[in-house]
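Undergrad: The structure follows.
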Amino acid sequence: LGVADPARIGVDEPRDADANPGGPSVPPGDYQMTVKFRGSEAATPVRVLADPRAKNTDAEWQTRWSAILEAGRLRDSLVTAIERLRSIRADVDAITTRVKESNAERLRRREVKEDELPLLADAKKLQEALTTLEKKLWQPPGTVGILAERDVLTKLFYVQGYLESSWDAPSEAHLEYLRQARRKVEEAVAEVNQFYAEQVGPFRDQVRASG
């Protein structure tokens, strides 16, 4: 029995629209399982038994589960930050397109260059800053080449893999990897918040002022 997978980035959905990727296996114990379908709902108690090969104590199962849940929360937090950047990019793209469309005739006659139009030069700088920041957090789809796996999301995937690949309680090394991932995620979220306040906010004010 597995719980739902932590937050997934929009473009990272399974190809099969009906697929529902499972999450990590829950520890042995008694649970309430609820099934919902087209407005109907049914619930039943279930008992999850440990694999006979697993030798964990109750405390070891809970230590493992607590670490897995924390890794999932970290992933949710990071995915939220990534989605925020993607939303900002979509907004800036829409603004750029609108400015170009409203000046299409002037551009066609070469009366003005794109980088001379209001907002476009600043929009380009903002997009470049977005790209730099995004690459710290994850490797967006369409990224060309083989990149060093230094982004935060990849490191977090590794930590989740370590924790979920065994029934054993996490080792001290695994817990240290989790602590490092926590620091990386917290730093990444803080950097996204700072970026929004210092760069996106002023650009948004420019857009409003331009009408």
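The values are calculated or read from the model by the stated rules, or taken from the named source; none is laboratory data. What you see is a predicted model, and the numbers here were worked out from it, not measured in a lab. Here the Cβ positions follow ideal geometry from the backbone for every residue, glycine too, while neighbour counts run over all protein chains shown. Side chains are part of the model used for accessible areas, which takes the heavy atoms of the whole protein and leaves out ligands, DNA and RNA. Shrake-Rupley method; radii C 1.70, N 1.55, O 1.52, S 1.80 Å.
Undergrad: Under 8 Å between Cβ atoms, at least 6 apart or on separate chains: pull out the pairs that start in segment 65-94 with a residue that is over 25 Å from LEU119 (Cβ atoms) and part of a helix (DSSP H, G or I) and end on any residue that is open to solvent by 60 Å² or more (accessible area, probe 1.4 Å) and at pLDDT 95 or above.
TA: Close Cβ pairs (under 8 Å, with a partner that is open to solvent by 60 Å² or more (accessible area, probe 1.4 Å) and at pLDDT 95 or above) amount to GLU70/ARG182; LEU74/ARG182.
Undergrad: Now a separate question. Could you list, ordered by first residue, the pairs with Cβ atoms under 8 Å in which the first is in segment 181-202 and under 22 Å from ARG73 (Cβ atoms) and the second is among the charged types (D, E, K, R), at least 6 apart or interchain?
TA: These pairs meet every condition: ALA181/LYS155; ARG182/GLU70; LYS184/LYS155; ALA188/LYS136; GLU191/LYS136; VAL192/ARG84; TYR196/ARG84.
Undergrad: Just to be sure, is THR34 assigned to a strand (DSSP E or B) and open to solvent by 50 Å² or more (accessible area, probe 1.4 Å)?
TA: In short, yes.
Undergrad: Scan segment 144-194 for residues that are part of a loop (DSSP other than H, G, I, E, B), of a type in the set (Gly, Ala, Ser) and surrounded by fewer than 19 Cβ atoms within 10 Å (Cβ to Cβ) and report the count.
TA: 5
Undergrad: Which condition number in (1) charged (D, E, K, R); (2) open to solvent by less than 70 Å² (accessible area, probe 1.4 Å); (3) modelled with pLDDT under 90 is the one that ARG15 fails?
TA: Every listed condition holds for ARG15 apart from (2).
Undergrad: Here is a further query. Could you run through segment 113-127 and say how many residues are open to solvent by 100 Å² or more (accessible area, probe 1.4 Å) and in a helix (DSSP H, G or I)?
TA: Qualifying residue count for the region: 4.
Undergrad: Specify which of the listed residues (ARG98, ARG110, ARG75, ARG106) is touching a Leu at 6+ places or on another chain (Cβ under 7 Å), among the charged types (D, E, K, R) and more than 16 Å from LEU130 (Cβ to Cβ).
TA: Residue meeting the stated conditions: ARG75.
Undergrad: Is it the case that segment 64-77 has a residue that's β-branched (Val, Ile, Thr), at pLDDT 95 or above and under 30 Å from GLU176 (Cβ atoms)?
TA: Scanning segment 64-77 turns up at least one residue that is β-branched (Val, Ile, Thr), at pLDDT 95 or above and under 30 Å from GLU176 (Cβ atoms).
Undergrad: Filter segment 60-109 down to the residues that are more than 30 Å from VAL152 (Cα to Cα) and open to solvent by 60 Å² or more (accessible area, probe 1.4 Å) and list them by number.
TA: THR97, ARG98, LYS100, GLU101, SER102, GLU105, ARG106, ARG108, ARG109
Undergrad: Keeping to segment 130-143, report how many residues are more than 18 Å from LEU74 (Cβ to Cβ) and surrounded by fewer than 16 Cβ atoms within 10 Å (Cβ to Cβ).
TA: 6
Undergrad: Still on this model: Can you give me the number of residues within segment 95-112 that are in a loop (DSSP other than H, G, I, E, B) and among the acidic types (Asp, Glu)?
TA: Total satisfying the criteria: 1.
Undergrad: I would also like to ask the following. Could you grab me the full set of residues in segment 198-209 that are open to solvent by 70 Å² or more (accessible area, probe 1.4 Å) and either under 16 Å from the mean Cα position of the chain (by Cα) or of a type in the set (Gly, Ala, Ser) (or both)?
TA: Within segment 198-209, ALA209 is the sole residue that qualifies.
Undergrad: Right, something else. Of ALA169, ALA188, which residue is modelled with pLDDT under 95, of a type outside the set (D, E, K, R) and either under 28 Å from ALA59 (Cβ atoms) or under 22 Å from the mean Cα position of the chain (by Cα) (or both)?
TA: On inspection, the qualifying residue turns out to be ALA169.
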